[in-house]
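Encoded as structure tokens, the structure appears first; notes follow it.
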Amino acid sequence: MAWGRATAAGTLPHVATIERPTVEIERPANPEHGDLSSNLAMKLARPCRMAPLRIAEALAAELAADAGRPGSIIGAVTVAAPGFLNVRLADVALADVVGAVLAQPAVWGHVPAETPHRVNVEFVSANPTGPLHIGNARGAFVGDLLCRVLEAAGHSVTREYYFNDFGAQVRNLGASVVAIRRGEPLPEEAYRGAYVGDLASEIPDDVWSAAEVAGADPVMIVGQWASERVRAGIEASLAHLGVRFDVWKSEGSLYRDGWVARAVERLEAAGALFQEDGALWFRSTAFGDDKNRVVRKSNGDWTYFGSDIGYVVEKFSRGFDQLIYIWGADHHGTVARLRNAATAMGYDREAVQMILMAWVRFIRDGVEVSMSKRSGEFITLDELLAEIGVDAARWFFAARGHTSGIDFDIELAKKQSAENPVYYVQYAHARIASILRKAAEAGLAPGAAVGPAALTGALTGAPEAALVRALARFPEIVEDAAAAEETHGITAFATELATEFHAFYRDARVVDPAEPERSAARLSIVRATQLTLAGALGLLGISAPEAM
RNA sequence: GCGCCCGUAGCUCAGUGGAUAGAGCAUCUGACUUCGGAUCAGAGGGUCGGGGGUUCGAGUCCCUCCGGGCGCGCCA
């Protein structure tokens with residue numbers, strides 16, 4: 001706007017549309033540079049053939065005129081070398097933020113999406129052949145955190161768990177359980193964890209008698225029972241983490257319900273399939289893959305890839321417009337083929353997205369802990385959570401990007417969980433709760449009796465302004481997190497806000513019966529801070545305690 | 001060999017092409033007898049793996065080399 005007026009007024013030369021840079025506004029790292037800043041003048045220097053500093057001054061003059069008008073959110077405008085345009089927000093704008101938080105706490109931090117999506121997020125998806133172990137932890141947390149952020153950003157999200165309920169692994173589990181039940185030696189490929197013995201002793205009578213009927217397939221019957229039993233255990237473990245799935249999808253159902261056949265039809269119609277050596281192949285190289293991929297083996301069995309393409313069709317048939325897969329780094333070889341198949345079937349390639357997580361190496365006493373279900377040497381997720389706690393574990397994974405490998409030293413994590421920054425944030429929340437209780441005893445309360453004028457007055461003091469400036473960033477933090485599909489921005493924000501609050505607490509007496517008006521204003525700000533902390537913690541699935 | 005990811009403070013990690021590269025932990029020095037000291041104030045600690053390039057500006061983009069992880073089955 002200011003740019004347009006400056007051009008119209010002749011202070012800036014006209015710039016051809018094609019040369020116009022996009023207007024970028026960002027939040028400066030250094031608070032002395034104001035609340036918002038723009039590099040527009042530097043971008044305009046070349047097309048305008050003017051020194052960036054002079055352009056910035058022209059734009060600043062126009063913005064300063066705005067600042068004079070009543071109700072303007074612009075407080076002050078300054079120019080800094082080599083041509084930054086810095087804007088400080090007016091107190092009124094900050095008071096509005098506090099008012100908005102207090103008026104509608106439930107929606108604070110929820111930002112409407114420009115185009116809301118129906119998103120399917122599939123994660124964990126460990127086969128139910130044993131309890132979840134700590135190697136599954138990252139996927140569970142990263143997936144759930146992503147879902148929470150997407151929901152806050154206005155999208156509708158379905159959490160989905162995909163599991164194999166037939167085939168070799170289930171037979172294997174069945175064979176292991178049957179062997180123990182019968183007191184026979186374990187087969188070569190058996191699962192050997194203690195849970196297998198537990199399963200053997202828990203087989204219900206009706207299942208066991210069905211398995212022993214002449215001509216029955218005891219391994220499959222017991223395997224399917226055991227697999228469902230294990231799956232239910234996994235569901236319970238995830239519930240302890242605060243992760244709840246909307247859909248549990250069995251791989252077998254994709255065949256029974258014809259989804260794989262439909263996928264093959266689509267690929268056939270697109271001319272993307274061919275026969276060779278008795279197998280059915282997808283021509284993935286036509287889409288840039290380095291080799292073609294088998295869909296159905298020469299022995300007639302479908303590959304995992306076959307299941308995967310059927311699943312894509314099934315998911316889109318439910319009306320999703322975005323599919324997100326949370327996979328381990330070892331799956332990156334399968335990304336291209338699945339996206340290629342989706343493209344070939346006529347879906348938008350960009351709507352099929354994989355998030356690959358780097359590996360977590362678990363270390364105990366300097367030695368990497370093996371994670372083999374076959375050998376039974378693994379640490380379960382339940383055991384880990386019992387040691388370090390859900391809040392600390394959630395924070396640990398939320399605060400890190402998923403692209404970096406992590407060495408997770410179990411002893412160190414136990415020791416450090418006591419120093420986890422999550423407690424710093426929770427402490428700030430609890431401390432505010434305590435202040436509000438004290439205020440209530442003194443007959444003081446936030447909000448109600450305080451008009452915008454009182455708030456504005458309070459904000460002219462430095463401690464209030466700094467705190468409100470900090471909490472006002474929350475919606476933009478959520479927006480950024482959703483766009484980046486990362487949550488460490490939220491942990492960083494929560495830590496900064498807690499720091500800002502502790503500084504405020506040091507400098508500003510909140511509960512002071514001698515000054516009821518100022519107390520009420522400060523209580524409003526403190527209450528808004530508490531709601532913001534609770535909102536940020538809630539986004540991470542972490543509790544916000546009233547007392548610690 | 002080819003492909004993807006990673007390399008930032010002693011440690012664990014942030015850092016959508018912008019201003020003096022940040023935070024927590026660890027280390028060191030301090031703090032008001034009033035609202036919770038799980039707090040606060042301050043200090044030390046960096047050739048952003050090396051080298052080129054792109055531009056007003058590079059930890060960020062491009063090339064290359066070094067180091068690490070992971071993949072390259074009609075396995076699951």
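Please treat every number below as a calculation from the coordinates, not as lab data. Worth saying up front: this structure is predicted, and the values here are computed from it rather than measured. Don't worry about glycine lacking a Cβ; one is built from the backbone with ideal geometry, like all the others, and counts go over all protein chains shown.
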- Nearby lysines by direct alpha-carbon distance to A:Lys414 (threshold 25 angstrom, same-chain neighbours under 8 apart not counted): A:Lys373
- Task: With runs of 4+ DSSP H residues as the only contributors, calculate the mean residue ellipticity of chain A at 222 nm using -39,500 (n - 2.57) per run, divided by the residue total and rounded to the nearest 500.
- Result: -16000 deg cm²/dmol
- What are the aspartates and glutamates whose alpha-carbon lies under 16 Å from the alpha-carbon of A:Lys297, with same-chain residues fewer than 8 places away excluded? A:Glu276, A:Asp277, A:Asp308
- Task: Under a cut-off of 18 Å between alpha-carbon atoms, report the aspartates and glutamates in cross-link reach of A:Lys315, not counting same-chain residues fewer than 8 places apart.
- Result: A:Glu122, A:Glu160, A:Asp246, A:Glu251, A:Asp257, A:Glu265, A:Asp348, A:Glu350
- Note on the structure: A student applying the Cα gyration tensor rule (rounded when a/c is under 1.5; otherwise prolate if a/b is larger than b/c, oblate if not) would label region A:147-302 oblate
- Item | J(HN,Hα) series, region A:44-61, from Karplus relation 6.51 cos²θ - 1.76 cosθ + 1.60, nearest Hz, glycine and proline x | 7, 4, 5, x, 7, 6, 9, 5, x, 4, 5, 5, 4, 5, 5, 5, 4, 4
- Ranked on Cβ counts within 10 Å of their own Cβ, fewest leading, A:Phe84, A:Phe274 go A:Phe274, A:Phe84
- Applying the gyration tensor rule to the Cα atoms of region A:180-221 (axes a ≥ b ≥ c; rounded if a/c under 1.5, else prolate if a/b exceeds b/c, else oblate), the class is oblate
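If packing is taken as the mean number of other Cβ atoms within 10 Å per residue, what is the order of A:151-163, A:200-212, highest first?
Averaged packing, sorted descending, gives the order A:151-163, A:200-212.
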- Task: Please tell me the relative contact order of region A:104-173 in percent, rounded to the nearest whole number, where contacts are Cα pairs under 8 Å and at least six residues apart.
- Result: 47 percent
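Over chain A, what is the relative contact order in whole percent, taking alpha-carbon pairs under 8 Å and six or more residues apart? Kindly include the intermediate steps, with their values, before the conclusion.
Working: 888 pairs, mean separation 84.8, N = 548.
Relative contact order of chain A: 15 percent.
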- HN-Hα J in Hz across region A:143-151 - Karplus 6.51, -1.76, 1.60, θ = phi - 60°, x for Gly and Pro: x, 5, 5, 4, 4, 4, 5, 5, 4
- When a/c is below 1.5 the answer is rounded, else prolate if a/b is larger than b/c, else oblate, so apply that to chain A with a ≥ b ≥ c taken from the square roots of the Cα gyration tensor eigenvalues. oblate
- Using the per-residue mean of other Cβ atoms lying within 10 Å as a proxy for protection, in what order, highest first, do the peptides A:333-341, A:346-354, A:215-223, A:526-534 fall? A:526-534, A:333-341, A:215-223, A:346-354
- Message: Over the Cα atoms of region A:509-548, each weighted equally, I'd like the Debye log10 I(q)/I(0) at q = 0.27, 0.35 Å⁻¹, rounded to two decimals.
- Response: -0.83, -1.05
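Could you size up the charge dipole of chain A around its Cα centre, putting +1 on the beta carbon of Lys and Arg and -1 on that of Asp and Glu, and report it in debye to the nearest 20?
1080 debye
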- Could you please report the charge total around A:Met220, scoring K, R as +1 and D, E as -1 over all other residues with beta-carbon less than 14 angstrom from its beta-carbon? -3
- Contour minus Cα-Cα span, A:Ser434 to A:Ala106, at 0.36 nm per residue, comes to 115.9 nm
- Message: Only bridges whose two residues both fall in chain A count here: according to DSSP, what percent of them are antiparallel, nearest 5?
- Response: 50 percent
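With charges only on Cβ, +1 for K and R and -1 for D and E, what is the dipole size of region A:186-342 about its Cα centre, in debye, rounded to 20?
My answer is approximately 740 debye.
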- Note on the structure: Computed on Cα atoms only, the convex hull of region A:67-156 has an orientation-averaged projected area in nm² of 11.1 nm²
- About the Cα centre of region A:387-434, what is the dipole size in debye to 20, counting +1 per Lys and Arg Cβ and -1 per Asp and Glu Cβ, all else neutral? 220 debye
- Task: Return the sequence-ordered ³J(HN,Hα) values of region A:177-191 in whole Hz as given by the Karplus equation 6.51 cos²θ - 1.76 cosθ + 1.60 applied to θ = phi - 60°, using x for Gly and Pro.
- Result: 5, 4, 4, 5, 4, 8, x, 8, x, 6, x, 3, 8, 5, 8
- Query: When you count, for each residue, the other Cβ atoms within 10 Å and take the mean per peptide, how do A:136-145, A:184-193, A:395-404 rank with the highest first?
  - Reply: A:136-145, A:395-404, A:184-193
- If amide H atoms are built 1.01 Å from N in the plane of the peptide, which residues on other chains or at least 5 residues away come under 5 Å of the amide H of A:Val352? A:Leu323
